[in-house]
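The values are calculated or read from the model by the stated rules, or taken from the named source; none is laboratory data. Keep in mind it's a predicted model, so treat the numbers as computed, not measured. Every residue, glycine as well, gets a Cβ built from its backbone with ideal geometry; the counts of neighbours run over all protein chains shown.
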Amino acid sequence: MMRRAVALSFLSILLIAACMTISAGAALARAQPEHTMIGVFPPELEPRIMQCWSSFTSIEGCVLEIYQSVLKLQIGMIGPACCKAITEVNDKCWPKIFPINPDFPPMLKDYCLHKA
């Protein structure tokens, strides 16, 4: 009889722990914001930053071309369609897109203006 009571207690504790784990997991999934491309900025800034990026994301491969140019410090990797989008970006967007490297956007824009 004692064994059965211990087994039932143990099973009850396991059931409660499982329910708590499932409940906590569901709550955490609801609490976490959706991830965006930029992700590292506070959520209240992201819509404005995404608006700045929208001209690049509409051109296939443009974001990749820009990232590769930044990482390799080779601006000549930008294609004509991406360059066109770069020349049309609002100047207020550049500090939002490249907050760490403010010298890169003028070089990028200058390259694209001369390439067109």
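Scanning the range 81-115 for residues being surrounded by 11 or more Cβ atoms within 10 Å (Cβ to Cβ) and assigned to a helix (DSSP H, G or I) gives a total of 22. Among what's in the range 45-59 and is modelled with pLDDT of 75 or more and outside any helix (DSSP H, G or I), pick the residue that is surrounded by the most Cβ atoms within 10 Å (Cβ to Cβ). Out of the qualifying residues, it is ILE59.
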